[in-house]
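The structure under discussion appears below in the form of structure tokens.
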Amino acid sequence: MPELPRRIWSDDDWKRIQLGYAARGMDEKWNVFAEGEVVFLHRSWTGRGTFAATFAPVEGGGWRIDSAVVERDAERYRGTDDAYDCAMLELVISAIVLGEPATDLRTKLVELTHREPGSDAPAGLIQHSALGLRSDS
């Protein structure tokens with residue numbers, strides 16, 4: 001991925017990210033798991049991998065995404081916008097795995113979606129379609 005999230009996750013965040021997240025119902029869209037320093041984001045219904053992000057420690061503490069790949073087979077993932085993919089990757093980790101409100105990222109995702117011609121869906125529909133609903137939110 002040419003665009004990567006700039007966020008630095010704390011050491012505590014990294015420990016939680018490594019634990020991953022398993023969808024607990026039909027309305028949840030993501031399964032996330034880590035193998036070493038690589039975090040995989042798979043769609044829960046299909047099991048297909050969408051993102052793989054390699055984390056690296058930051059001098060002085062914390063972790064950042066050092067590199068990432070995204071699925072580009074149009075039959076498996078419709079994304080083709082680098083900024084959208086960057087926002088989605090960070091949003092799934094922040095909102096789904098860490099359970100953060102991630103309001104700014106949610107807003108950014110909606111704005112990026114609305115850039116596409118013919119996309120005027122309400123913000124809530126866009127977010128549900130992309131992220132699903134956590135059963136504890």
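The values are calculated or read from the model by the stated rules, or taken from the named source; none is laboratory data. This structure is a prediction, so every number in the text was calculated from the model and none was measured. Every residue, glycine as well, gets a Cβ built from its backbone with ideal geometry; the counts of neighbours run over all protein chains shown. To get the accessible areas, we keep the full protein, side chains included, count just its heavy atoms, and leave off ligands, DNA and RNA. Shrake-Rupley method; radii C 1.70, N 1.55, O 1.52, S 1.80 Å.
Data for the structure
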{"quantity": "Output for the range 82-108, where each listed residue is within 18 Å of Leu4 (Cβ to Cβ) and among the basic types (Lys, Arg)", "calculated": "Lys108"}
{"quantity": "Qualifying residue in the range 1-11 (condition: over 21 Å from Leu105 (Cα atoms), aliphatic (A, V, I, L, M) and assigned to a loop (DSSP other than H, G, I, E, B))", "calculated": "no"}
{"quantity": "Whichever residue in the range 61-81 is outside any strand (DSSP E or B) and at pLDDT 95 or above and, among such residues, is farthest from Ile93 (Cα to Cα)", "calculated": "Gly61"}
{"quantity": "Any hit, the range 33-45, residues being of a type in the set (Lys, Arg) and touching a Leu at 6+ places or on another chain (Cβ under 8 Å)", "calculated": "no"}
{"quantity": "Residues that are modelled with pLDDT of 95 or more and outside any strand (DSSP E or B), drawn from the range 32-59", "calculated": "Gly36, Glu37, Val58, Glu59"}
{"quantity": "Test result for Ala56, open to solvent by less than 30 Å² (accessible area, probe 1.4 Å), in contact with an Asp or Glu (Cβ under 7 Å, 6 or more places away or on another chain) and under 21 Å from Asp104 (Cα atoms)", "calculated": "no"}
{"quantity": "Single match in Val92, Val70, Val38 (criterion: of a type in the set (A, V, I, L, M, F, W, C), open to solvent by 10 Å² or more (accessible area, probe 1.4 Å) and closer than 20 Å to Val110 by Cβ)", "calculated": "Val70"}
{"quantity": "Subset of the range 3-22 [over 13 Å from Val97 (Cα atoms) and open to solvent by less than 30 Å² (accessible area, probe 1.4 Å)]", "calculated": "Pro5"}
{"quantity": "Pairs where the first residue, in the range 11-33, is of a type in the set (Phe, Trp, Tyr) and the second is part of a helix (DSSP H, G or I), C-beta under 6 Å, 6+ apart", "calculated": "Tyr21/Ile96; Tyr21/Val97; Trp30/Val92; Trp30/Ile96"}
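Residue-by-condition table, conditions (1) open to solvent by 60 Å² or more (accessible area, probe 1.4 Å); (2) at pLDDT below 70:
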| position | (1), (2) |
| --- | --- |
| Met88 | no, no |
| Asp104 | yes, no |
| Glu111 | yes, no |
| Glu116 | yes, yes |
| Ser137 | yes, yes |
